[in-house]
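Down below is the structure, laid out as structure tokens.
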Amino acid sequence: MMATTGIQARFACKVGTFTLDVDLDLPGSGLTALFGHSGCGKTTLLRCMAGLQVANGAMRVNGDEWQSESGSRPVHQRPLAYVFQETSLFPHLSVKRNLMYGYRRIPQSERQISFDQAIEWLGLSHLLNRMPEKLSGGERQRVAIARALLTSPKLLLMDEPLSALDQGSKQEIMPYLEALRDNLAIPMLYVSHSTAEVARLADHIVMMDKGQVIAQGPLQQIMARTDQPFGLEEDAGVILDATVSERDERWHLYRADFAGGHLWLRADGNLAIGQRVRLQILARDISLALSEQADQSIQNILSATINEIASDVSPGTSMVRLLAGQTPFLSRLTSRAVHTLAIEPEQQIWMQIKSVAIVD
């Protein structure tokens, strides 16, 4: 627990019949997702970090000790903000007065986030004079997040903030959460059991099961594991960060470059040249060939090296991990196909990528 950057946390506690026992080493900025099935301990861990749950252990946030074997700071002395599933806005106060409630209580010299910044990041300028009852579910959650930020926390905790929203409201709020991830200089811990939310938002991930951490690390590395700690089955795949480099006006396609090659995407949105995008490529959408196939419909064909072959979660299937340069990909094949092609680690092969989804 001597590190001066990042979050180091170690907790052990029993809640009823449930036992939490975790040891974490997390980045000091960006969004870390706590992911797992309901009841795996995500919220209990968040409550331990906030000081709401009594637990043995230690915690340090970017060099600042919040808990040790010799003592623990109470909740009100931990510089954090906690966003719950329910927004709990003050119903008798306008949006602006809800936001100012916490902001005014922070000495001006300690304010790290300005009122205007929070308004811009959460898109609230046109809502300031409205009362909470006149807001949609997504708008109320955006106000709750902005109110939390205006306390200038050193750690932002969010416990399934989208779970009470309908699908439309979730899609509405996503770009604002992405803006926070990209602009905030503080660490964010985000509890979710939604693979779509994690794929779109997370930089780092902690995978939990039965009160234990079964995997933790950068999102791209964890999702590219053949043992699939996510248990995603049909949704297994990788996340890539890429840059839009070209638009093909004739065929309505974008070219996105990444470390290891490029991919062609459908031009469904309005992307700018040079714009960073996050791509999701599912294992089920990658087929393999021993030689480059020109007479077929798939447009994304990449040379790669087989890195690992493992049995998959389903009988009769295998998961193949490949590297295009240093960028990992996963391909789900029948075990019969692996046998027929006689593929093995270190072999050069061609990946044929059927479709690519933009998740950012």
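Throughout, read-outs are computed from the coordinates displayed, never taken from laboratory work. On a predicted model such as this, the values are computed, not experimentally measured, just so you know. Positions of Cβ are generated from backbone atoms using ideal geometry, with glycine treated the same way; all protein chains shown enter the neighbour counts.
Of note:
- The orientation-averaged projected area of the convex hull spanned by the Cα atoms of the chain comes to 21.2 nm².
- Across region 138-149, coupling constants 3J(HN,Hα) worked out from phi with the 6.51/-1.76/1.60 Karplus curve, θ = phi - 60°, read x, 5, 4, 5, 5, 5, 4, 5, 4, 4, 5, 5 Hz, and Gly and Pro carry x.
- Likely footprinting exposure, Tyr101, Tyr82, fewest C-beta neighbours within 10 Å first: Tyr101, Tyr82
- Highest-fluctuation residue, Phe329, Phe18, Phe84 considered, GNM on the chain with Cα pairs under 10 Å: Phe18
- The string of couplings for region 323-338 from the Karplus curve (6.51, -1.76, 1.60, θ = phi - 60°) is 10, 9, x, 10, 8, x, 9, 10, 10, 9, 10, 5, 4, 5, 5, 4 Hz, one whole number per residue in order, with x for Gly and Pro.
- Between Leu271 and Gln326, the simple label model (points 7 Å from Cα in the Cβ direction) yields a spacing of 2.3 nm.
- Calculated FRET efficiency, Asp116 to Leu290, Cβ-Cβ distance, R0 = 56 Å: about 0.45 to the nearest 0.05.
- Separation of the alpha carbons by more than 30 angstrom is noted, of Lys42/Lys354; Lys14/Lys154; Lys14/Lys134; Lys96/Lys210, for Lys42/Lys354; Lys14/Lys134; Lys96/Lys210.
- When the Cα positions of Pro91, Met188, Ala81 are compared along the charge dipole of the chain, Pro91 comes out farthest toward the positive end, with charges on each C-beta of Lys, Arg, Asp and Glu.
- Peptides 298-304, 70-76 ordered by average Cβ neighbours within 10 Å, highest first: 298-304, 70-76
- Potential extension, Ile298-Met100 segment - 0.36 nm per residue separation minus Cα distance: 65.9 nm
- The chain - percent relative contact order, Cα under 8 Å, separation 6 or more: 16
- J(HN,Hα) series, region 173-189, from Karplus relation 6.51 cos²θ - 1.76 cosθ + 1.60, nearest Hz, glycine and proline x: 7, 3, x, 6, 5, 4, 5, 5, 4, 7, 10, 6, 9, 10, x, 10, 10
- Put simply, the amide H of Thr317, placed in the peptide plane, has neighbours under 5 Å in Asp312, Ser335, leaving out anything fewer than 5 places away on its chain.
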